[in-house]
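The values are calculated or read from the model by the stated rules, or taken from the named source; none is laboratory data. These numbers come from a predicted model, not from an experiment. All Cβ positions, glycine included, derive from the backbone under ideal geometry; neighbour counts span all protein chains shown. These area figures cover heavy atoms from the full protein model, side chains too; ligands, DNA and RNA do not enter into them. Shrake-Rupley method; radii C 1.70, N 1.55, O 1.52, S 1.80 Å.
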Amino acid sequence: MDGLMYPFEELIPIVAEITPKYCGYEHSSISYEKAQMLMEGVLYSIRECTQSSGSALMGNGLPAKEAYALGQEIVAKKVRRLQALYNNLAFGFQDYGSECLKDVITKGIPAFLASYDFRYAPQETLLTPDYPVLKDLSALSGIDAVLEYVECISQEQEFLAAFDGTYVRDILCAYHTDYGTLMENLCNIVLSNTVGHIILDKPLFSQGFCQNDFQKLEEILASRSEDNLETYVAGIIGLLAARYSDNAAPLKSYLSYAIPDLITKIQAGLSEHCWDRIFLL
């Protein structure tokens, strides 16, 4: 459901009304590209309204102008929410040596907050998310994309903060000696290693996997079907979330996005016996 549910006859007057404000009332003539940008912004704001309110308001014949105004309020609230979330994230933030994670939090998000124009171009994302998160955000744009991105990183920070910082860095270094230059998700690497400990009921402080550990892992995992394996891994992630978070449900939901990759790794381990590249420390 989006702004195109309204006829253009209702949308064009909105663009015409905001154009002088966009131009600073100096003139009302703008290029086709700028007019298109403003129209995309109007559609984005209306979509925020319809997606937030569902079909009830639309069914009551809410005019496009009112939907736009409500959508602008929603976007503004999300910007304030992002600022608060970022302030909380920045306090105690750890990049664990990852250059792209450091850059996106210390430079990328502040630049977005400084440049984002929620009134006239709310659809623009203005951020290159070089640090990959577990969740696919490719369908999102504007404040929706950046807010969800920062929420994902906040969940990762909560999970990683449950471990000693040196331990996290040791796992990452075991994964790749120059991990700091990689554009890879840190949480996924640490999570994979932790899953190995849980499967073996091996304390985290008991570092290092031996050949007997790998043999036992293979015996445990080889006995499970693919569907059963997915359920098994999901259960482990739920256990980890409950163990390391006071609010386990959001963390479990986020870490669950790593399940397909974990299953792929386990299947590779079963076929290629390369457990030492999955369970690191």
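Scanning region 171-185 for residues that are polar (S, T, N, Q) and buried (at least 19 other Cβ atoms within 10 Å of the Cβ) yields a single hit, N185. For region 128-135, the count of residues that are of a type in the set (V, I, T), surrounded by fewer than 20 Cβ atoms within 10 Å (Cβ to Cβ) and closer than 25 Å to F205 by Cα is zero.
Only one of these conditions is not met by Q157: (1) polar (S, T, N, Q); (2) farther than 25 Å from A241 by Cβ; (3) open to solvent by less than 30 Å² (accessible area, probe 1.4 Å). Which number is it? Every listed condition holds for Q157 apart from (2). Would you mind finding the one in E156, E148 that is in contact with a Lys or Arg (Cβ under 8 Å, 6 or more places away or on another chain) and at pLDDT 95 or above? Unique residue meeting the criteria: E148.
The condition (being closer than 30 Å to Y179 by Cβ, open to solvent by less than 60 Å² (accessible area, probe 1.4 Å), at pLDDT 95 or above and over 19 Å from the mean Cα position of the chain (by Cα)) is satisfied by just one residue among G41, G97: G97. Would region 186-196 turn up any residue that is surrounded by fewer than 18 Cβ atoms within 10 Å (Cβ to Cβ) and touching a residue at least 40 places away in the same chain (Cβ under 8 Å)? So far as region 186-196 goes, no, none of its residues is surrounded by fewer than 18 Cβ atoms within 10 Å (Cβ to Cβ) and touching a residue at least 40 places away in the same chain (Cβ under 8 Å).
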